[in-house]
1. Can you go through ALA305, ALA321, ALA267 and tell me which one is in contact with a His (Cβ under 9 Å, 6 or more places away or on another chain) and either among the hydroxyl-bearing types (Ser, Thr, Tyr) or open to solvent by less than 30 Å² (accessible area, probe 1.4 Å) (or both)?
2. Name the single residue, out of those in segment 14-36 being among the charged types (D, E, K, R) and surrounded by fewer than 17 Cβ atoms within 10 Å (Cβ to Cβ), that is nearest to the ligand (Cβ to nearest atom).
3. Looking at segment 1-37 only, could you name the residues that are under 15 Å from PHE55 (Cβ atoms) and under 34 Å from the mean Cα position of the chain (by Cα)?
4. Could you go through segment 111-128 and let me know if any residue there is open to solvent by 20 Å² or more (accessible area, probe 1.4 Å), in contact with a helix residue (DSSP H, G or I) (Cβ under 6 Å, 6 or more places away or on another chain) and more than 12 Å from the ligand (Cβ to nearest atom).
5. Can you spot a residue in segment 386-403 that is assigned to a strand (DSSP E or B) and small (Gly, Ala, Ser)?
6. Name the pairs: first residue in segment 10-32 and polar (S, T, N, Q), second residue within 16 Å of the ligand (Cβ to nearest atom), Cβ to Cβ under 7 Å, at least 6 apart or on different chains?
7. When you scan segment 166-174, do you find a residue that is out of contact with any strand residue (DSSP E or B) (no Cβ under 8 Å at 6 or more places or on another chain) and on the phi < 0 side of the Ramachandran plot, even just one?
8. Starting from segment 107-129, keep only residues that are under 12 Å from GLN252 (Cα atoms), then list their pairs with residues that are acidic (Asp, Glu) and at pLDDT 95 or above whose Cβ atoms are within a distance under 6 Å, requiring at least 6 positions of separation or different chains.
Amino acid sequence: MLIVTKIVNLETERAKISSQIKVGFVPTMGALHLGHESLIKQAVTENDYVIVSIFVNPLQFAMDEDLDKYPRQLDKDKELCEKLGVNLLFIPSEIEMNTISQETTLIIPPVSMMSVLCGKYRKGHFQGVATIVTKFFNLVKPNMAYFGQKDAQQVAIIKKIVNDLNMAVKIKSCDIIREESGLALSSRNQYLTLEEKQEATLLFKSLMLAKKSFLKGQNNPKNLIGIIESQFKNHPILTLQYIEIVDPETLQTLTKITNSALMAIAAYCGNTRLIDNLILTVKKPIIAIDGPAGAGKSTVSRHLAHELGFLYLDTGAMYRAITWLVMENQINSTDDKAIAKLVGLAKIELLPNSDLKIPVTVKVNDIEVTKAIRTPAVTTNVSKISAQKAVREKLVKLQQEYGIQGGIVAEGRDIGTNVFPHAQLKIFLTASPEARAKRRLIDLENQGESNLNLKQLIADIQERDYIDSTREIAPLKKADNAVEILTDNLTMEEVINKIKSYL
Ligand code: AMP
């Protein structure tokens, strides 16, 4: 690892690096901890050459702040950077960075972004950060630069500057690293006594308390802020400086959380100022669509997911994928034990596509099987395989995992009753056997089949309905709170609009 203290030497080294090499940059003020370490590790993983800077930037400290006593531990920091695989460590002096002169040019971020959160209490702080970071970007010329979400206002402001000034660097924001107690790591934690450290966990705990309330449906920032304020009332050691809920990008105060929000806090623990934050994201709904075969579930689900930008959770494709795997391994469809073992180890993935005809790419154990699972042989075997307990258990669990993020349209027989009993919207899509038979007739004729008998098709559909609704495993049943839509006289657009009207 090269250690450089002069700008001229940094420039010489930078000039040696070809434009083909990806350069990652992590600016820090030193006293490195696991939070910094996570940024550096990510930079090392994602780039060919990593530059870390250590510079306690006087421009971002006010007169009454802790510039002089800010922790400095250069030897330890150098050792850590070396160990993590940093290529160049830049440790300039204040003279070198020209932060002593009163006459230096300053980068001024938008006032609206500096007049909230920490900016309100740390006058000049963000212009100091913006100026030094811009200067570093000009010297280091990184492809990617890494910042901690711990300083969420800093990240938002730097992203804005990079965008506004057309800088050729991509900003990566990295997760907050915390102690087991929940306390966010910070170089300033070194100032805390043991007792203070214990009490300081209230920042995170109170944020989590408000988040819990948010997840239960409280989306009024005033009420969430109230929850946190009450935790700090009359606290013997902690003094709340601010708790605000703002848009994570523009940092403007929110009156209602409709999409995502940054909930940020600052408090004094004794004499030490600490900050923390959480992102609140409104979970997109799960739409569960059940109904008998031939009611138009898959066409409607596919189009609906496409219109809403949701994932189409093609549960049928998952069962087909397992069936393909069983056949590929030449396992008999009645060999429960062998199937259970195979399924237990299987990795099934549905990856969304923008193509409406192939809305998801299907992978089994990293092999793409989107087409292979649609062969007649798979179609013949799929119902036998999907009746196996181990197969159902594995796939229901997987489907539920996809549901954690929300924003999915899932379609099947038991989605609203069994897979997602708490889905925000449950639809039971149905049509009379006659209407379904007529649709089937048209489909088959389009596929070139002739000599079709409508009466026979109606009888087939009635028999299938009977089997589906009386089967032992996952019978077709309307969930109690599902909205029933009879599609006999509706176009697909009308069905979709009806579903959307319930959202
Ligand atoms: P600092 O040395 O405090 O200027 O921090 C340097 C970088 O490390 C900044 O981008 C910080 O946001 C980031 N950082 C500091 N603490 C943490 C933490 N606990 N988790 C993740 N990143 C952090």
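The values are calculated or read from the model by the stated rules, or taken from the named source; none is laboratory data. Owing to the predicted nature of the structure, the values given are computational and were not obtained by experimental measurement. All Cβ positions, even for glycine, are placed from backbone atoms using ideal geometry, and neighbour counts span all protein chains on display. Areas reflect the complete protein model, heavy atoms only, side chains present, ligands, DNA and RNA absent. Shrake-Rupley method; radii C 1.70, N 1.55, O 1.52, S 1.80 Å.
1. Every option except ALA267 fails the conditions.
2. Selected residue: LYS22.
3. PHE25, VAL26, PRO27, THR28, MET29, GLY30, ALA31, LEU32, HIS36
4. yes
5. Residues of segment 386-403 that are assigned to a strand (DSSP E or B), as a first pass: none.
No, there is no match, as no residue in segment 386-403 is assigned to a strand (DSSP E or B) and small (Gly, Ala, Ser).
6. Here the result reads THR28/HIS36; THR28/VAL52; THR28/SER53; THR28/ILE54, each pair linking segment 10-32 to a residue that is within 16 Å of the ligand (Cβ to nearest atom).
7. Yes - at least one qualifying residue is present in segment 166-174.
8. Partner pairs satisfying both residue conditions: LEU117/GLU244.
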